[in-house]
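The values are calculated or read from the model by the stated rules, or taken from the named source; none is laboratory data. Computed from a predicted structure; not experimentally measured. Because the Cβ atoms are built from the backbone with ideal geometry, glycine has one as well, and the counts that use them run over all protein chains shown.
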Amino acid sequence: MTESRHPDRHRLRDLVPWRRGAGLPPGQRELGVFPRFSDDPLKPPPRLPAEPELVVTGAVERELRLPLPGVVGPARRADVVADFHCVTTWTTRGLRWSGLPFCAFWHHVVEPACGPSPDTSCVVVEGLDGARAVLLLEDALAPDVLLADRLDGEPLTPAHGAPLRLVSPRQYGYKNVKHVHRIEVHAAVPPSTYGPKEHLRARVDLEERHSTTDPRLLRAVYRPLVPLTAAVSAWSLRRGRR
Ligand SMILES: Nc1nc2c(c(=O)[nH]1)N[C@H]1C(S)=C(S)[C@@H](COP(=O)(O)O)O[C@H]1N2
Ligand SMILES: [Mo]
């Protein structure tokens, strides 16, 4: 299954989100594959530092630098099986992620080690490629949010966010930051990191695609862009390997 769902090359017709599956959230269409996707599909995945770290910083009494291999220990590892929803209307069903629940990370690591501000309202999660997303702490602490290092029984690949990614199934893909290396704690809500395209909550069930624009209009604008974006993103992944 891993092979067929995460192929190196896609047939273009597998990247067209046209299938209306039962129980999909509003405006979403099902894909049978899990493509690599991004705002900037020409960019290959970032190179990983020799000794990757996770930094927790911002409104904290003490900054924390954790060597990445130790972040997901065996004690609190959990699996989450969830559908993945990109704001551009494609959904891949039933992905099995494994990692550290963000709420365990927050309560057992960040709170004791960093002393976050009692007024914390948000975290900004940043990837090694510079992608950033603002999450309300309330959304990040949902029980199905993970700092994941495995997908469908295998270590995360560069395509899908190695070495560590945030998985927040109830929020659109742009909150599911890949290649996580930094988490900033904020008391006040910081400006969005993707500009007005980023909704503060981005809850899929409520179709919070965009901070201002009508989500129904956006469906029509985004959907035709999916096959091309996914194909280019796969091409830049292959090019990055050479
Ligand atoms: N670091 C990083 N994380 C990212 C992105 C990105 O470009 N860089 N793109 C986001 C978007 S828009 C989506 S839909 C998902 C896609 O995840 P996938 O490539 O594993 O399918 O990653 C999200 N997280
Ligand atoms: Mo996305």
- Message: Take the residues in region 148-184 that are outside any strand (DSSP E or B), more than 13 Å from ligand 2 (Cβ to nearest atom) and hydrophobic (A, V, I, L, M, F, W, C); name whichever of them is surrounded by the most Cβ atoms within 10 Å (Cβ to Cβ).
- Response: LEU164
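Given the criterion in contact with a helix residue (DSSP H, G or I) (Cβ under 9 Å, 6 or more places away or on another chain) and within 16 Å of ligand 1 (Cβ to nearest atom), identify the matching residue among CYS103, CYS122, CYS86.
Values: CYS103 fails: within 16 Å of ligand 1 (Cβ to nearest atom); CYS122 fails: within 16 Å of ligand 1 (Cβ to nearest atom).
When all the criteria are applied, what remains is CYS86.
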- Task: Consider only pairs whose beta carbons are under 9 Å apart and that are at least six residues apart or on different chains; among these, list those whose first residue lies in region 30-54 and is closer than 16 Å to VAL226 by Cα and whose second residue is within 12 Å of ligand 2 (Cβ to nearest atom) and of a type in the set (Phe, Trp, Tyr).
- Result: GLU30/TRP90; LEU31/TRP90; PHE34/PHE84; PRO35/TRP90; PHE37/TRP90; ASP39/TYR174; ASP39/TYR194
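Here's the yes/no breakdown for (1) within 13 Å of ligand 1 (Cβ to nearest atom); (2) touching a strand residue (DSSP E or B) at 6+ places or on another chain (Cβ under 9 Å); (3) over 14 Å from SER98 (Cα atoms):
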{"site": "LEU128", "(1), (2), (3)": "yes, yes, yes"}
{"site": "ALA133", "(1), (2), (3)": "yes, yes, yes"}
{"site": "PRO158", "(1), (2), (3)": "yes, no, yes"}
{"site": "GLY161", "(1), (2), (3)": "yes, yes, no"}
{"site": "ARG165", "(1), (2), (3)": "yes, yes, no"}
{"site": "ARG170", "(1), (2), (3)": "no, yes, yes"}
{"site": "VAL177", "(1), (2), (3)": "yes, yes, yes"}
{"site": "ARG182", "(1), (2), (3)": "yes, yes, yes"}
- Can you run down the residue pairs with Cβ atoms below 6 Å, 6 or more apart or on separate chains, where the first is in region 119-146 and farther than 11 Å from LYS178 by Cβ and touching a residue at least 40 places away in the same chain (Cβ under 8 Å) and the partner is assigned to a strand (DSSP E or B) and within 16 Å of ligand 2 (Cβ to nearest atom)? CYS122/VAL134; VAL123/LEU135; VAL124/ARG132; VAL124/VAL134; LEU146/VAL167
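Collect the residues in region 186-222 that are polar (S, T, N, Q) and either out of contact with any strand residue (DSSP E or B) (no Cβ under 9 Å at 6 or more places or on another chain) or over 22 Å from ALA142 (Cα atoms) (or both), keeping them in residue-number order. It would help to see each step written out before you state the result.
Step one: list which residues in region 186-222 are polar (S, T, N, Q), which gives 192-193, 211-213.
Of everything in region 186-222, those that are polar (S, T, N, Q) and either out of contact with any strand residue (DSSP E or B) (no Cβ under 9 Å at 6 or more places or on another chain) or over 22 Å from ALA142 (Cα atoms) (or both) turn out to be SER211, THR212, THR213.
For region 7-20, check the following and say yes or no: at least one residue is acidic (Asp, Glu), more than 16 Å from ligand 2 (Cβ to nearest atom) and in contact (Cβ under 8 Å) with a residue 40 or more places away in the chain.
The initial filter retains those residues of region 7-20 that are acidic (Asp, Glu), namely 8, 14.
Imposing the further condition that a residue be more than 16 Å from ligand 2 (Cβ to nearest atom) reduces the set to 8, 14.
Next, only the ones that are in contact (Cβ under 8 Å) with a residue 40 or more places away in the chain stay: 8.
Within region 7-20, one or more residues are acidic (Asp, Glu), more than 16 Å from ligand 2 (Cβ to nearest atom) and in contact (Cβ under 8 Å) with a residue 40 or more places away in the chain.
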- Query: What is the residue count in region 118-147 for residues that are in contact with an Asp or Glu (Cβ under 9 Å, 6 or more places away or on another chain), part of a loop (DSSP other than H, G, I, E, B) and either closer than 15 Å to PHE105 by Cβ or within 16 Å of ligand 2 (Cβ to nearest atom) (or both)?
  - Reply: 3
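Any residue at all in region 210-226 that is β-branched (Val, Ile, Thr) and in a helix (DSSP H, G or I)? Walk me through how you get there before you give the answer.
In the first step, residues of region 210-226 are kept if they are β-branched (Val, Ile, Thr); the result is 212-213, 221, 226.
Imposing the further condition that a residue be in a helix (DSSP H, G or I) reduces the set to 221, 226.
Taking every residue of region 210-226 in turn, at least one turns out to be β-branched (Val, Ile, Thr) and in a helix (DSSP H, G or I).
Residues VAL81, VAL55, VAL72, VAL60: which one is at pLDDT 95 or above, surrounded by 17 or more Cβ atoms within 10 Å (Cβ to Cβ), within 19 Å of the chain's Cα centre (by Cα) and of a type in the set (A, V, I, L, M)? Even if it seems obvious, please write down each step before you answer.
Details: VAL81 fails: surrounded by 17 or more Cβ atoms within 10 Å (Cβ to Cβ); VAL55 fails: surrounded by 17 or more Cβ atoms within 10 Å (Cβ to Cβ); VAL60 fails: within 19 Å of the chain's Cα centre (by Cα).
On inspection, the qualifying residue turns out to be VAL72.
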